Structure formats: C-alpha cells, structure tokens
Amino acid sequence: MKRHNIYKTVLGLAIAALTLTACSDEWDEHYNGSGVTGTLDGTLWDAIKSDNNLSNFAKVVQACGYDKSLAGSQVFTVFAPTNASFSSEEADALIAAYNEEKGDVEENENSTIKEFIQNHIALYNHSVSSSGEDSITLMNGKYAILKPDGIDNSKFLTSNLHYKNGILFTVADKVQFSSNLFEYLRKDNDLDSLKNFFYNKMFYRSEFQANQSVPGGIVDGKTIYLDSVFRMQNDLYGSKFLAANLSSEDSTYIMIAPTNKVWRELLEEYSDYFNYDNTVRYRDSIQYTNTRLAITQGTIFSRTFNSDIALRDSAISTNTSPNGTTRLRQWGNDSLHYYEYFNPLQSPSGIMTGATNIACSNGTMLKADDWKILKDQTFFQTRIIEAENYNAIREVSTAVNSSTGEREATIIPKRLRVEADNAFYNKVSRNEFVEFEPTRTSGNHSVTFNITNVLSNIGYDIYLVTAPALANDSNATVYQRMPTILRCSIGFNNQEGVKQTKDLVSSVTTNPDVVDAILLASDFKFPVCSYGLNETEPQVTLTVETRVKSSELSTHTRTMRLDCIVLKPHQE
C-alpha cells in the first residue's frame, strides 16, 4: 500500500464522522491489542532486525521501505519466514525486482510488495489459541486461514510474540501467494493486450481508504491521519462496464481471456464499429474504451449463477441478468439472448471449449486462442425503440393557430395498451403502442423519433412496426380501421458532425388490421457511431409522416398507430 505519514489532510467532515465512529472499543482492540498479554519491549521492526534468523526477510522489508511502517504507530501482525526457508539469494532477487518496477507502477502494485511483503503482513492484532481457526485478511487483500499451528500451509516456529505495535510470528515456509484473475493478467505474456487495457491508468488508480488509515484528530473541521492507506480501484468493474470485480477475493468467477493474437484480430475488426464523429468530446478515448469493452463484455461469469450443473445448459455472463424476466425487459424481446450462451461446454462451438484452464485464487481463467464469442451475441444488438417510451419522441409537426398566432401540435400522441383478453395481446411489442391523432382536419402530420446507441459501419435492417386499431378496441369501426400512407426519412451525422437526411421510403400504405413490420431499409450503414453517448439531442432520428391526399380521406386516415422502430443487424 502506498502510505503518507505525519498529519496529511485528506478528507472532509463527512468522512470525519465515519472515522470517529470507527474509534470505538473494536478499534481500540485492534490498535491496543487488548486480549493479548505480555507485551515485549520495542516495535515489530526492532524485533525483526535484531533476529539473525530473520535477516533475509529484514533485508527485503528495509529495501522496500516497510521498516518505517513496522516501526510506526499502526498495528500489524507479521508472519516472518526464517532464513532456513528464505535464502539471501531469494531476498536479493526480490529487491532487484522491486527496484526494476519502482517508478513504473504504483507502489502497492509492485510485485515484491504485493506478493511478498504484504502477503506476510496483516493489519491489526491477530493471535492464535490452542484450538479453533480464523480467516484473516492480509495487507494485499488475500484471505488466509489462521490455525493454532500455522497460517495456511506454513507452520509456526514461534507464535503470539506481542510488541508495542503488533504481533510477530515466525514461519517455517513462505506464505504462498495465489494470483486472482486480475493479477494473473500481469503474469502471462500471451495476455499482454488484455492486461494493458485492464491496467490502463484511465480506469485503474489509487484511492484513499479511510477505514484502514490511522486518524490523528480533527483540525479546522477536517480529519487528519497519522498513517494513510491507499488501495487500487478499477472503474471497469462498475455495472455499466463489466459488472464484476476481478480483484475481489470474496467472489468466484470464470473468465474467458483472449490471447494477444485474438485481441489483435478483434480490435482490427471492431474499431470501425466505434467511429465517432469529430465533434464528440474525447472521441479517441471513447473509441478506445468501447472497442475494447466490445471484446471483454460478456466474457466473465459469476459462479453464483453459473454452477457446474447450470453450465451444462447455458452460461450467463455478468453483463446480463440471471433473471429471465429481467433479461426480457433488458433486451426487449424473449428471442434476444445477449451475453447468454447455450451449450458452453458440450458443443464444439461452445464458448468455453478448447481453452486453456488456469486456476486462480478467485476462480478460473480460460485462455482462448480460438475465439467463439460472436459479436451478435454481445454488443451487435437489435435496437428496439418503443414509440411509447417517454424519451422516444423528439418532436411532432406543428402549425400556426390562426386565432392565437402561436404554433401548436397538429397531432397528439396517445399511449394505448393491449389488454390480456385482446386478440393482439403479446403481438404488439410490450403490449403498448402510440396513437397519433390529428388535431386538425387539413394537412398531413409527422413525428420524429430519437434513436440512440447505433454502431458505425455495421449494416442494419430498419423496420417501422405499426399497430392496428383493433389492438386497443376490439370493436373498432371501419372508419377507425382505415390504412394510412407514410413517408419515412432518417437523420444522422457525417464524420464532421453535420446532420444528413436520407429518404428511406417515399410512400408506403399500412396494413391496418395486423401488426405490420414495414421494411424501411436493408443493410443500412451509419458512417459514425452514437453507442454509449449520453445525448440530449440524439444524432440519429427517424421521421414518419402521413402522405394522404384530401381526395383519399374517404379510404385512408391521417391517424398513425406506431408500435416501435427496430434496427436489426443485417444477415446475408
């Protein structure tokens, strides 16, 4: 851990309140060692440096600057390997590795500190009795089992030596370090590309840990700390991205990891799908991130919902819900199964077949040189824009009111529901649609819809889905059931961010008594991407307008009943 000593101000009043609460009897027990008797003279560092059997361990501790921590006021428990199991040559190799990485990585990411020093030290006092076991957390976040005679598989030579700032054990063997999934990425040269993404400083950085730091009081309303503890955090682990914490020792996962060869091939293909226009702020960073997320999302599986038995049927990644109803709501149609894969182990095309199995402390890494996760199973998705969604309608046509001189809508959207006893129940998307009823008898009308999250340079088949009057009223009259004539055009940006408009269909007559999916365009490609953008005014729009002549009003209506817009990935 990166440490900053002597009264460094780091947090405000909100954290101060939490810190004061932490200074309870439990806190005092951790730091004062209540329950442990017979305190010896000196600090942990005094004891370690004066023991000739610990000289190799002491050499590494001092070279990495941890002698200051072990001589300070914070309380630790140390499990020190003796020279019999930890040679001078091993100590020198660790020091050389520390110096080689120093300055290139965060201090608490240095492999010597994380995998050796912090793997032999725990915060607070931990003593053993003649019976019973306890699970403790080492400074690097790893869990270890503390038994009466040892820690994990390392036997104690001496136990419960209590000094001013903690407890010292000597152990017969080094405490073994086991990499979690995230840590393993740094150790396998075949996974360099994946490692570089996960360890990118845009996402991976050091954050202060108030609950593990030593408070020194409050000055000018702010908590000051005698000893500050920092731990690395990764923004990629949020639910918006990977929805999994590969560093967590509390969870168990399976991860399918692309080798460098696979990564290069996918990156070359996928980068064109995330081409943002030149006006998008931070376009290069967004393209970098989303292209790589397109590869990695859908590759991690929580063992909570993917047991051995469950995997015989399907694998559900952390980027979708294990609940079927939620998945239906998430993707908009029960035929869509993004980030869910069938027969992952049984089929030759199963996503987990043929990969190299690597055991980690929090799960299994499947290193894949033959990539079987397809883009249309993950990010290349059918987009369904429901007409009734509150943010779907961008604008409707307007005209000047001759009486007031103000512009007014020429059509009013009315949200209608398909009831369970209706013949069209479950035939209309989500059993709701919008009826756009004219407010005036003269002229045609239009509505423009927002379309978000489109990819660039991928072909879409674009459909407009209409609903019949019968879907809301089984007794709809012949007049209400008349067809309408529509014209549709699409708006989108070019590379310079300039709005373009393209007519898709100039005249199409609806089929009034069915749910009608009208094909507006086949294999339509957007030149730029809007995927993942938080757009107040989406760059992609679809305008639908009536084209009914006055002479046609006896056989056609200017009322539109629209269910949804569908952008479906094109298939040859």
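The table for this structure:
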read-out: Crossing angle, helix 260-270 versus the chain [Cα axis fit, 0-90 degrees, rounded to tens]; value: 30
read-out: Estimated FRET transfer efficiency (Tyr288, Arg312; beta-carbon r; R0 30 Å; 0.05); value: 0.20
read-out: Net charge, Ala469 excluded, C-beta distance under 13 Å - Lys, Arg +1, Asp, Glu -1; value: -3
read-out: Size of electric dipole in segment 152-292: Cβ of Lys, Arg +1 and of Asp, Glu -1, about Cα centre, debye, nearest 20; value: 380
read-out: 15 Å beta-carbon shell around Cys529, net charge (K/R +1, D/E -1); value: 0
read-out: Exposure ranking of Thr382, Thr404 by accessible area [1.4 Å probe, largest first]; value: Thr404, Thr382
read-out: Degrees separating the helix 283-296 axis from the principal Cα axis of the chain, which is the longest one; value: 80
read-out: Helix axis angle, 13-22 relative to the chain longest principal axis, alpha carbon, degrees; value: 50
read-out: Under-5 Å amide H pairs with Leu520, H placed in peptide plane, nonlocal only; value: Ile462, Tyr463, Leu464
read-out: HN-Hα J in Hz across segment 301-307 - Karplus 6.51, -1.76, 1.60, θ = phi - 60°, x for Gly and Pro; value: 10, 6, 6, 4, 10, 10, 6
read-out: Accessible area (Å², 1.4 Å probe, nearest 10) - His570; value: 50
read-out: Solvent-accessible surface (1.4 angstrom probe) belonging to Leu161, in square angstrom, nearest 10; value: 50
read-out: Heavy-atom accessible area ranking, 1.4 Å probe, most first, across Arg281, Arg231; value: Arg281, Arg231
read-out: Rounded if a/c under 1.5, otherwise prolate or oblate - segment 418-505, Cα gyration tensor axes; value: oblate
read-out: About the Cα centre, charge dipole magnitude for segment 486-538 (Lys/Arg +1, Asp/Glu -1 at Cβ), debye; value: 160
read-out: Accessible-area order (highest first, 1.4 angstrom probe) of the listed residues His337, His120; value: His337, His120
read-out: Cβ-Cβ FRET estimate between Ser130 and Leu40, R0 fixed at 22 Å, reported to 0.05; value: 0.60
read-out: Virtual spin-label span in nm between Ser550 and Arg417, 7 Å along Cα→Cβ; value: 4.1
read-out: (i) 29.9, 99; (ii) 32.0, 105; (iii) 24.9, 92, with the label sought being that of the calculated Rg and Dmax of the Cα atoms in Å; value: (ii)
read-out: Cut-off 13 Å between beta-carbons: net charge of the residues surrounding Ala368, Lys and Arg +1, Asp and Glu -1; value: -2
read-out: Leu161 long-range amide H proximity, modeled H, under 5 Å; value: Leu168
read-out: Rounded, prolate or oblate (a/c below 1.5 giving rounded, otherwise prolate when a/b exceeds b/c) for segment 370-480 by Cα gyration tensor; value: oblate
read-out: For the chain, with +1 on Lys and Arg beta carbons and -1 on Asp and Glu, the positive-most of Thr404, Thr291, Asn125 along the dipole; value: Thr404
read-out: Hz values of 3J(HN,Hα) by residue in segment 84-94 - Karplus curve (6.51, -1.76, 1.60), Gly and Pro given as x; value: 5, 10, 9, 7, 5, 5, 5, 5, 5, 5, 5
read-out: Rounded to the nearest 10 Å², the accessible area of Thr452 at probe 1.4 Å; value: 40
read-out: Sequence-distant residues sharing a close amide H with Val548 (under 5 Å, placed H); value: Ile485
read-out: Difference of contour (0.36 nm per residue) and Cα-Cα distance, Glu100 to Asp192; value: 31.3 nm
read-out: Relative contact order (percent, whole number), the chain, Cα cutoff 8 Å, 6+ residue spacing; value: 12
read-out: Check: the chain dipole with +1 on Lys, Arg Cβ and -1 on Asp, Glu Cβ, in debye; value: 1160
read-out: Positive-end residue, the chain charge dipole about Cα centroid, Cβ charges, pick of Thr439, Thr158, Leu242; value: Thr439
read-out: Radius ratio Rg over Rh of segment 443-572, counting only Cα atoms, Kirkwood formula for Rh; value: 1.02
read-out: Prolate/oblate/rounded call for segment 160-315, Cα gyration tensor, a/c under 1.5 rounded; value: oblate
read-out: Carbon/sulfur fraction of accessible area - the chain, other protein chains in place, 1.4 Å, %; value: 46
read-out: Segment 153-158 - phi-based ³J(HN,Hα) in whole Hz, Karplus 6.51/-1.76/1.60, Gly and Pro as x; value: 9, 9, 7, 7, 9, 9
read-out: Accessible surface, per residue, of the chain when the full set of protein chains is kept, probe 1.4 Å, Å²; value: 47
read-out: Residue-averaged [θ]222 nm for the chain, counting only DSSP H segments that reach four residues, each worth -39500 (n - 2.57); value: -4500 deg cm²/dmol
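The values are calculated or read from the model by the stated rules, or taken from the named source; none is laboratory data. Keep in mind that this is a model prediction, so the values were computed, not measured. Here Cβ is always computed from backbone atoms with ideal geometry, including for glycine, and neighbour counts include all displayed protein chains. Remember, those area values only see protein heavy atoms, side chains included, never the ligands or the DNA or RNA. Shrake-Rupley method; radii C 1.70, N 1.55, O 1.52, S 1.80 Å.
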